[in-house]
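Only one structure is covered here, and it is reproduced in the block below.
The values are calculated or read from the model by the stated rules, or taken from the named source; none is laboratory data. As the structure is a computational prediction, the values presented were derived from the model and not from experiment. Here Cβ is always computed from backbone atoms with ideal geometry, including for glycine, and neighbour counts include all displayed protein chains. Quick note on the areas: whole protein, heavy atoms, side chains included, nothing else; ligands and nucleic acids left out. Shrake-Rupley method; radii C 1.70, N 1.55, O 1.52, S 1.80 Å.
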Amino acid sequence: MQLFNTLKFETKTMYSMRPNTEESKCCGSNSNYIRNVCILAHVDHGKTTIADSLLAINGIVSKRLAGQIRYLDDRLDEQQRGITMKSSAVSLCFPVSDQKYIINLVDTPGHIDFSTEVAATVRICDGALIVVDVVEGVCVQTKDAIKQAYDEQVKMILVINKIDRLIVELRKTVDEIFKNILRVIEDCNVTIAELCRYDLENEEDEEEYFFSPEKDNVVFASAIDGWGVTTRLICSMFHHIVADETADSLFEKIWNFDYYVDSSTKKVVSGCIEKKKENLFIQLFLKAIYYVYFTLIIRMDREKLEIILQKLKIKNTTNEMRHNDSRVQVKAILQAWSPLASVILNQCINVVPSPDNINSRKIRRLTFCNRYFESDTVNSCCEVMTNGMKNLGNIDHPSIAYVSKMFFVNKKNLSQNKPKIVTPRCRNIEQKKVEEQKPQTEPKSEDHKKEPTTHNSNGESLHQDDPGNVAIGLCRIFSGNLSVGQEIYFLNNSYIPFNNLILDNEDVKKITIKELYLLLGRELILTDSISFGNICGIGGLEDIIIRSGTLSSTLDCLPLTEYAYMEPIVRNTIQPVNPKDFPVLHQALKQLTQSDSCVQVLMQETGEHVLVTAGDVHLAKCLEDLRNKFIKFEINVSKPMVSLRETIINTDKRIDLKDPSGCIEIYAPEFGLQAQVKAVPVCDKVSNFIKLNYDIFRTIEEHKQENFLAPSDTKQKMFQNEYTRHLVSKLNEQLANVFKNSSELWRDFSDRIWSVSKTKNSINLLFNNTDDYKRNIFNVVDQKDERSNFDHCFVNGFEMCCRAGPICEEPLVNCAFFVNKYILDSENSLSEPGVHAVANVTLAIKNGLREAFEKQQQRLMEPIFITDIQVNTFILGKVYSVISKRQGKVLQAIGMDDKEKTFMVTAQIPVIESDGFANEIRKTTSGQANPNLRFSHYEIIDGDPYYEEAVVEDDEDQVNIESAIRANKLMKEVRKRKGLLIDEQVVIHAEKQRTLNKKK
């Protein structure tokens, strides 16, 4: 009980006043005592509630209101919707023994629309709390959070939350509760195992990433009641009731399900499974928790209170422990027994590495995010950056910081703009008369001077009664220190270091740091310097950084580039009611782009502004920001438009690439170029593998250096970097296996990939199927072959074709183009090719590939939202009717509880039909169902987009008429919006039909 007594002592002292600026700077000066942690979870799984409990440590929120106030959700729409829409950072000071630790905590959104906010946050952290609701289990966004944490190589801690619901609401037995906990841990580990399996860079055993109470990286908790425990803590609390056991020996056995406590001898013995006994974990932890909830809340047996307090070793009782509300009573008891905040922060200190112990693979991820460099200069920069990020040696490392996102805060939340404390006047009447008789010679304050303001078309001030907003960058210092007045370079994402750099390069700007802030809740405290490893705010960058960027005191540095995790898909045209407000709207949209890492703003040729967002919730947040932060006039928003994709399908089981019926001949007379191409749909295995390793494929294709040590007939590419060589070798091996395990068509083409399309989310491939032209992405072009002069024409033509398809100029996806023949007939070429001859070759190849696409069965693909809706049998039919009305379909309905007759319905609906879907579901079910839409994939519309309903065909029974009509409608809408030709009948001259029989 010694450790438990220590924890109780820390619990009494940890709820203190928030630290001042000097204390925070002093604690954060030593990187060994800094932890950078983010909270990741599915929506409504308890992230913000846990954050409230952690904020109560420094007195930022009240201990009693922790879990209810949702302090970091400071937006009005966040409080109204009950979900987090932005990431919020706060620095906490947590004492352990005689040392204080700085925990830089970042709360992230759980809604799928804000995944880019999560990606920007995970990038600057070293650890992540994966919070899972034990009732709902591992949801789609939970898997997504684990993937982001795994990709960024941060240490994960699993928090199994809402255990109280299993007891109080669902009335589960201890055995059922244990099975739910096991299911959550196993589902999380399955997700990690899948990530490790397809990860080319992973060199460690996948079990190193697994969650297991034996590794002490799992927390069992109820955030709403403020308690949490780990298996090690359980052993420290209860080892005294077991004979011949210490806390350490008990810890080795508690997660071995064959051990149990013999009731007669009070010893831990084996044979639990054979004798069908309750295991050690159930006996020591679950039965104790179950007894507290069952006794005080379900049975409301208040007479057992003293026994519970005695068993839990709680000596200092409070009034809340004897409260009439049993829920308040249980919360007070369990918080005193094992406070959640101290348990989680202790886990962060023990599991999450300090900034100077950063993972080497995370450094590679930061520097090589979307590219792998082959340069001695770049490699030397990597070495210097690695030493600085690990804080190696006793030298002054260059200052390197990464601004992951920009966010706008109200100026009144900045410490320098706080109102000064005014000393109250003396109430002595005689002294007051003396003060009144003094002449008023002091000048009026300059604060009353009017500042120039901008006005909208109605003449209203845009900043009237509004102190205004200011852009702050969320920054992590990866090397060195930052201080106010320091001159530093801003490096754009496209910057690559090289010798004799010209300083007026557009990728480099020299700036001076104006403001640095400590993040203490909603308040930002101005400071003069920030040390290595900390997360802070930096001001004065609104004219320099759009979304993210790198700050470095040296030019021999690689930019820490932004990782585009999610592509927005919903488009809305936005314009002011009064055309005079267009300039103000343009500036406001620029500020919106700065503050939101996912939103995109496109300017159409017609002058319209198109707002591209991730979904309806994201769109509502953007419009709220525009109206309340950046503009003060009315705007019009169009109905949502979606970005489609074009593809081809093939119903034949066998595909003959040489079959002339589907091939297209390409001829460029300027140079006598002749080629034959055929289009084929890419199989899912190949497409998924290339998408998973897309960055490496692009690096290989763009690399041009030849390996002279390889056989002369292969022309293999040489990579100087040993790490890159290892990746390419591993990629070759796995690529061959993927093609071999695919259909018969693909088995011999793993080494014939000519080019991969340049858009990650729209994979298309160009294959070399010729017999005599040796060309693939792993080999350099053979300059001795005169056909190599037009190699770039094929690649460029392929890219032009993939960028806009023939149906409605939307990008192609999952299309493979096979070049079956490629010859140059110099005898039939023109003697004097024109100036644009090479451009004409590229255009001819692009048109030929397009014709090959049109030879196949063409289809449109539309974006699909997926949703999980928890319903009961009374509203199940209503939910099904709303889904079917919006062209959706139910994928599965899993029974969650036989007693309550509840189901988890998983359904999908087209994005174009999703406008107002959530509100209609809530209205139809009287608020009993609350769906959350998230983007899933692009799905083929199983119907010919060129089908006309008026045309009668012989095989009309084989045509999916409903889908074909819908595809044709979508095609015409997109073509009309883009100003393309639409083949439809328009009545020019018409008159009313006259009937033969007239009624008199």
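Compactness check for region 657-708: Cα Rg over 2.2 N^0.38 Å is 1.68.
May I ask which of Lys266/Lys287; Lys691/Lys972; Lys418/Lys629 have a Cα-Cα span longer than 27 Å here? Cα-Cα > 27 Å for Lys691/Lys972; rest within.
Of the heavy-atom accessible surface of region 647-855 (probe 1.4 angstrom), what whole percent is carbon and sulfur? The nonpolar share, carbon plus sulfur, comes to 47 percent. Please list log₁₀ I(q)/I(0) at q = 0.10, 0.14 Å⁻¹ for region 95-242, using the Debye equation with identical point scatterers on the alpha-carbon positions. Ignoring solvent entirely, the Cα scatterers give -0.40, -0.78.
Stokes-Einstein, applied to the Kirkwood radius of region 857-932 over Cα pairs at a viscosity of 1.002 mPa s and 20 °C, places its translational diffusion at 167 µm² s⁻¹. Over all Cα atoms in region 179-233, the spread is summed up by Rg and Dmax: 13.6, 43 Å. Accessible area per residue was computed with a 1.4 Å probe on protein heavy atoms; His323 scores about 80 Å². Among Phe220, Phe874, the sequence by solvent-accessible area, most first, with a 1.4 Å probe is Phe874, Phe220. Taken along its principal axes, the alpha carbon cloud of region 137-223 reaches lengths of 45, 26, 20 Å, longest axis first. Proximity of backbone amide H atoms, modeled 1.01 Å from N, is registered between Asn693 and no other residue at under 5 Å, excluding neighbours fewer than 5 places apart on the same chain.
Summary of packing: across the peptides 584-595, 115-126, the per-residue average of other C-beta atoms within 10 Å ranks them, highest first, as 115-126, 584-595.
In the context of the full set of protein chains, region 242-337 has a per residue accessible area of 56 Å² (1.4 Å probe). Region 51-97 and region 313-373 have Cα centres spaced 13 Å apart. Taking every pair of alpha-carbon atoms in region 570-642, give the share separated by more than 16 Å as a whole percent. Cα-Cα pairs of region 570-642 separated by over 16 Å account for 41 percent. Using the 1.4 Å probe convention, the accessible area of region 720-831 works out to 44 Å² per residue with neighbouring protein chains retained.
Of the residues Lys629, Lys63, Lys510, ranked by 1.4 Å probe accessible area with the largest first, the sequence reads Lys510, Lys63, Lys629. A Förster radius of 45 Å combined with the Cβ-Cβ distance from Asp983 to His726 puts the calculated FRET efficiency at roughly 0.25. Note on region 242-337: with charges restricted to the Cβ of Lys and Arg (+1) and Asp and Glu (-1), its dipole about the Cα centre is near 340 debye. Over the heavy atoms of Glu208, what accessible area does a 1.4 Å probe trace out, to the nearest 10 Å²? About 120 Å², rounded to the nearest 10.
Taking only protein heavy atoms and a 1.4 Å probe, the accessible area of region 242-337 is 48% carbon and sulfur.
The label point for Lys287 and the one for Lys889, both projected 7 Å from the Cα toward the Cβ, are 5.0 nm apart. Each of Ile649, Ile273 has its accessible area taken with a 1.4 Å probe; listed largest first, they run Ile273, Ile649.
Applying the Kirkwood pairwise sum to the alpha-carbon positions of region 242-337 produces a hydrodynamic radius of 14.9 angstrom. Here the Karplus relation 6.51 cos²θ - 1.76 cosθ + 1.60, evaluated at θ = phi - 60°, turns the backbone of region 239-252 into coupling constants of 5, 6, 8, 10, 6, 6, 9, 9, 4, 5, 5, 5, 5, 5 Hz, with x for every Gly and Pro.
On the beta carbon distance between Asn688 and Gln79, with R0 = 35 Å, the FRET formula returns roughly 0.30. Where the alpha-carbon atoms of region 647-855 are placed on the principal axes, they occupy 48, 44, 28 Å, in descending order. Over the C-alpha trace of region 634-683, radius of gyration and Dmax come out as 19.9, 61 angstrom. Lys253 contributes about 50 Å² of solvent-accessible surface, heavy atoms of the protein only, 1.4 Å probe.
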